[in-house]
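Engineer: One structure follows; several queries about it will come next.
The values are calculated or read from the model by the stated rules, or taken from the named source; none is laboratory data. Keep in mind that what you see is a predicted model, and the values were worked out from it rather than measured. Cβ placement follows ideal geometry from the backbone for every residue including glycine, while neighbour counts extend to all protein chains displayed. Heavy atoms of the whole protein, side chains included, go into the accessibility calculation; ligands, DNA and RNA do not. Shrake-Rupley method; radii C 1.70, N 1.55, O 1.52, S 1.80 Å.
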Amino acid sequence: MGESMCWLNEIRPVAQRFATRPAVIDRQGSVTYAELFDRAAGVAARLTEDGITPAEPVATWYANGRDAVIASYAVMLAGACEAPINAHLSADDALYGVALSGARVVLTTRDRSDALAQGPARVLTTESIAPLPIDEVTRVEVGRDDWGRILFTSGTTGRPKGIVHTQGGRWLSNLLLRATLPTAADTRNVLMMTPFSHGASLMTFAFLDGGGTVTLLDGVDVEDVARRLRSGDIHQIFAPPTVLAKIVPALESEPVRGIEAIFCGTAPLPAHLYKRARSVFGPVVRITYGKTEVVNPITVLTPEETDAWYRSGATASVCVGWPASGVEVRIGDPDDAQDEPLADGSGPVLLRARHMLAGILSDRGYEPLPPGGFHRTGDIGFVDRLGRLHLVGREADVIKTGGYRIAPEEIEATLRPHVTAAEFVVLGMPSTYWGEVITLVAAGASDDWQDRLSEPIARMTAFKRPRLLASLPELPRNAMGKLSRAAIRRRVLDSYDYDDAHRPSLRPRS
């Protein structure tokens, strides 16, 4: 993959072929392909004039909308390496990402520019740069092994890291995603609400390459989303579990028909949420497995396969499907003596693929992935007899109690039908006696929720039973909207007196 490539060759035919079609719909209205790519060409020309060189990092910081798409394509046309930063991060965290990437220039909108003014990079606003016909943009060659994109981890276990992907890897991942998407082209309109810095951008490129339309909203305004879905103008949705959990309750009184596909990933989809989503939209949910380090597609379940899995009634794991082309899945490292199976027989999930990360940026500098090496995902799972990957938890969340290693998601799946709470999570509290104490924390629970759990907990295997139960007003999440067990644990310790003993206890503080 050492040969060169040129993004103009990929982008110009799309801009010309679909020039008059709507490309992006946001809260400002609609923008055509021609308008979108002429604006991107203008920003690319400005980057080149300012001395940005091929593979050089350029940071972008945008809320969802047309400017985020324009900036991303502009960096590609300039041959630079995009470092997109989550728009929901604070200015301090955004500046950390800019500094970590090494970017000399950061692109953003005028309303965000002041927040970055004190940072290490020069700030350019896309609104202030004039469009340029894409035919007039300078052709830039890049090496396929050059840096192409830096995606940032969510930072749940420390400061965020930069996951470096090559130019060729970015091109290949887009091609593979398009190949596995049902009806991702033509006149389809896909609705996306998650931060553009991650999954939404990958889906945007795939749809725009095929002439589709992307409705890109910043966050989930349930009333607005319901109106758009009922209008018939939306054909497909990118909705991870956190989004489905918000929109499904508002739509259950009047099911929405006509949605062709719901693309679901980023986190395991619980069986109870799938059942509710199916009652609203029908059997149209498509499951994929993706990581910042190895972007979609890793494994895939079509809507038909997804429906068959959830209708089977299995709840102890979440099936995410068969490996996509060029993806190798391994359970456990045979050279690592610590990779012994968990109590349920599962183990660490390792991946290798041609479109995976090239290396990791951290405070220690850049660490390339060894040639031919596997990426350790941090997930716990197993491969069934049909070759499908199942996820059961996260390595960092594994609870070590009384000599056993247990994935908290296994306990959550067992108790979910019996927990009368808006949301709940299982985690380990530190213990000198047990190692960790299995603890169930609920938010928005009914007054009798603990009493209702006594019988199902008694039926569980003894070493898997939660020994502590706690209530909180809400469960903290990180900037990506995912539940943070570390933050929840701290909140419990702030709200309760914890007695670490043979029979541990929690007492609410007055």
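Engineer: Under 22 Å from T32 (Cα atoms) and in a loop (DSSP other than H, G, I, E, B) - does that describe any residue in segment 79-100?
Structural biologist: As a first pass, look at segment 79-100 and keep what is under 22 Å from T32 (Cα atoms): none.
No, segment 79-100 has no match at all.
Engineer: A follow-up question, please. Scan segment 289-324 residue by residue and report those that are in a helix (DSSP H, G or I) and among the hydroxyl-bearing types (S, T, Y).
Structural biologist: Narrowing segment 289-324 to residues in a helix (DSSP H, G or I): 303-311.
Selection gives T306, Y310.
Engineer: Inside segment 35-55, can you point out the residues that are part of a helix (DSSP H, G or I) and free of Cβ contacts under 8 Å to residues at least 24 places away in the same chain?
Structural biologist: Within segment 35-55, the first condition is being part of a helix (DSSP H, G or I), and the residues that meet it are 35-49.
Selection gives E49 alone.
Engineer: Mind checking whether some residue in segment 341-351 is modelled with pLDDT under 85 and open to solvent by less than 40 Å² (accessible area, probe 1.4 Å)?
Structural biologist: Initial filter on segment 341-351 (modelled with pLDDT under 85): 341-346.
Going one step further and asking which of them are open to solvent by less than 40 Å² (accessible area, probe 1.4 Å), we end up with 342, 346.
Yes, because at least one residue in segment 341-351 is modelled with pLDDT under 85 and open to solvent by less than 40 Å² (accessible area, probe 1.4 Å).
Engineer: While we're here: May I ask you to list the residues in segment 376-397 that are surrounded by fewer than 23 Cβ atoms within 10 Å (Cβ to Cβ), aliphatic (A, V, I, L, M), at pLDDT 80 or above and more than 19 Å from M356 (Cβ to Cβ)?
Structural biologist: Matches in segment 376-397: L386 only.
Engineer: Search segment 254-273 for residues that are more than 15 Å from H235 (Cα to Cα) and polar (S, T, N, Q) and pair each with any residue that is open to solvent by 70 Å² or more (accessible area, probe 1.4 Å) and in a loop (DSSP other than H, G, I, E, B) when their beta-carbon atoms are under 9 Å apart and the residues are at least 6 apart or on different chains.
Structural biologist: Cβ pairs passing all conditions: T266/K482.
Engineer: Here is a further query. Could you identify the single residue in R352, R376, R385, R330 that is assigned to a strand (DSSP E or B), basic (K, R) and more than 30 Å from G102 (Cα to Cα)? Talk me through it step by step, then tell me what you get.
Structural biologist: Details: R352 fails: more than 30 Å from G102 (Cα to Cα); R376 fails: more than 30 Å from G102 (Cα to Cα); R385 fails: assigned to a strand (DSSP E or B).
Checking each option against the conditions leaves just R330.
Engineer: What's the total number of residues in segment 405-444 that are in contact with a Ser or Thr (Cβ under 8 Å, 6 or more places away or on another chain), more than 18 Å from R489 (Cβ to Cβ) and either surrounded by fewer than 14 Cβ atoms within 10 Å (Cβ to Cβ) or among the hydrophobic types (A, V, I, L, M, F, W, C) (or both)?
Structural biologist: Residues that pass the stated criteria total 1.
Conditions (1) of a type in the set (K, R); (2) crowded, with 18+ Cβ neighbours inside 10 Å; (3) in contact (Cβ under 8 Å) with a residue 60 or more places away in the chain, marked per residue:
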| position | (1), (2), (3) |
| --- | --- |
| L77 | no, yes, yes |
| C81 | no, yes, yes |
| D92 | no, no, no |
| L95 | no, yes, no |
| L107 | no, yes, yes |
| S113 | no, no, no |
| V123 | no, yes, no |
| S128 | no, no, no |
| L132 | no, yes, yes |
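Engineer: For segment 135-151, enumerate the residues that are touching a Leu at 6+ places or on another chain (Cβ under 8 Å) and either open to solvent by 10 Å² or more (accessible area, probe 1.4 Å) or without any contact (Cβ under 8 Å) to a residue 24 or more places away in the chain (or both). Show your work before the answer.
Structural biologist: Filtering segment 135-151 down to residues touching a Leu at 6+ places or on another chain (Cβ under 8 Å) leaves 137, 139-140, 150.
V137, R139, V140 - these are the residues of segment 135-151 that are touching a Leu at 6+ places or on another chain (Cβ under 8 Å) and either open to solvent by 10 Å² or more (accessible area, probe 1.4 Å) or without any contact (Cβ under 8 Å) to a residue 24 or more places away in the chain (or both).
Engineer: Could you list, in sequence order, the residues of segment 239-256 that are over 15 Å from T306 (Cβ atoms) and either open to solvent by 10 Å² or more (accessible area, probe 1.4 Å) or within 22 Å of the chain's Cα centre (by Cα) (or both)?
Structural biologist: Once the filter is applied, which keeps residues that are over 15 Å from T306 (Cβ atoms) and either open to solvent by 10 Å² or more (accessible area, probe 1.4 Å) or within 22 Å of the chain's Cα centre (by Cα) (or both), segment 239-256 yields T242, V243, A245, K246, I247, V248, P249, A250, E252, S253, E254, P255.
Engineer: Follow-up. Looking at (1) part of a helix (DSSP H, G or I); (2) buried (at least 20 other Cβ atoms within 10 Å of the Cβ); (3) within 17 Å of the chain's Cα centre (by Cα), can you tell me which one L208 breaks?
Structural biologist: All conditions pass for L208, except number (3).
Engineer: Residue check, D218 against (1) assigned to a loop (DSSP other than H, G, I, E, B); (2) over 30 Å from A94 (Cβ atoms); (3) charged (D, E, K, R), all met but one. Which one?
Structural biologist: All conditions pass for D218, except number (2).
Engineer: May I ask you to say which residue of Y96, Y33 is more than 25 Å from I237 (Cβ to Cβ) and aromatic (F, W, Y)?
Structural biologist: Numbers: Y33 fails: more than 25 Å from I237 (Cβ to Cβ).
The match here is Y96.
Engineer: Being under 20 Å from K275 (Cα atoms) and at pLDDT below 90 is the filter here, so list the residues in segment 219-242 that pass it.
Structural biologist: P240, P241, T242
Engineer: On to the next question. Within segment 257-303, work out how many residues are open to solvent by 30 Å² or more (accessible area, probe 1.4 Å), small (G, A, S) and under 18 Å from the mean Cα position of the chain (by Cα).
Structural biologist: 1
Engineer: Then there's this: Exactly one condition in (1) open to solvent by 20 Å² or more (accessible area, probe 1.4 Å); (2) modelled with pLDDT of 90 or more; (3) in contact with a Pro (Cβ under 7 Å, 6 or more places away or on another chain) is not met by W309; state its number.
Structural biologist: Among (1) open to solvent by 20 Å² or more (accessible area, probe 1.4 Å); (2) modelled with pLDDT of 90 or more; (3) in contact with a Pro (Cβ under 7 Å, 6 or more places away or on another chain), the lone unmet condition for W309 is (3).
Engineer: Something else about it: Keeping to segment 259-285, report how many residues are of a type outside the set (D, E, K, R) and outside any loop (DSSP other than H, G, I, E, B). Don't jump to the end; show me each part of the working.
Structural biologist: Restricting attention to segment 259-285, the residues satisfying the condition of being of a type outside the set (D, E, K, R) are 259, 261-274, 277, 279-285.
Restricting the remaining residues to those that are outside any loop (DSSP other than H, G, I, E, B) gives 261-264, 271-274, 277, 279-281, 285.
Adding up the residues that qualify gives 13.
Engineer: Also, I was wondering about something else. Go through segment 62-75 residue by residue and tally those that are open to solvent by 10 Å² or more (accessible area, probe 1.4 Å) and not in a helix (DSSP H, G or I).
Structural biologist: The first filter runs over segment 62-75 and keeps only residues open to solvent by 10 Å² or more (accessible area, probe 1.4 Å), leaving 62-64, 66-67.
Checking the rest, the ones that are also not in a helix (DSSP H, G or I) come to 62-64.
Counting residues in segment 62-75 that are open to solvent by 10 Å² or more (accessible area, probe 1.4 Å) and not in a helix (DSSP H, G or I) gives 3.
Engineer: Just the residues that are part of a helix (DSSP H, G or I) and buried (at least 19 other Cβ atoms within 10 Å of the Cβ), please, taken from segment 19-34.
Structural biologist: If we filter segment 19-34 for residues that are part of a helix (DSSP H, G or I), which is where we start, we get 33-34.
Once the filter is applied, which keeps residues that are part of a helix (DSSP H, G or I) and buried (at least 19 other Cβ atoms within 10 Å of the Cβ), segment 19-34 yields only Y33.
Engineer: Could you tell me which of the residues R159, R188, R144, R170 is over 21 Å from P84 (Cα atoms) and either in contact with a Ser or Thr (Cβ under 6 Å, 6 or more places away or on another chain) or not acidic (D, E) (or both)?
Structural biologist: Values: R159 fails: over 21 Å from P84 (Cα atoms); R144 fails: over 21 Å from P84 (Cα atoms); R170 fails: over 21 Å from P84 (Cα atoms).
Checking each option against the conditions leaves just R188.
Engineer: Then there's this: Looking at segment 183-205 only, could you name the residues that are more than 15 Å from the chain's Cα centre (by Cα) and at pLDDT 90 or above? Break it down stepwise before answering.
Structural biologist: Kept after step one, since they are more than 15 Å from the chain's Cα centre (by Cα), are these residues of segment 183-205: 183-191, 205.
The answer is N189, V190, L191, F205.
Engineer: Within segment 466-510, how many residues are at pLDDT 90 or above, polar (S, T, N, Q) and either buried (at least 19 other Cβ atoms within 10 Å of the Cβ) or over 29 Å from T242 (Cα atoms) (or both)?
Structural biologist: Number satisfying all stated conditions: 2.
Engineer: With the requirement that a residue be over 18 Å from T60 (Cα atoms) and outside any loop (DSSP other than H, G, I, E, B), what does segment 112-141 give you?
Structural biologist: Result: I134, D135, E136.
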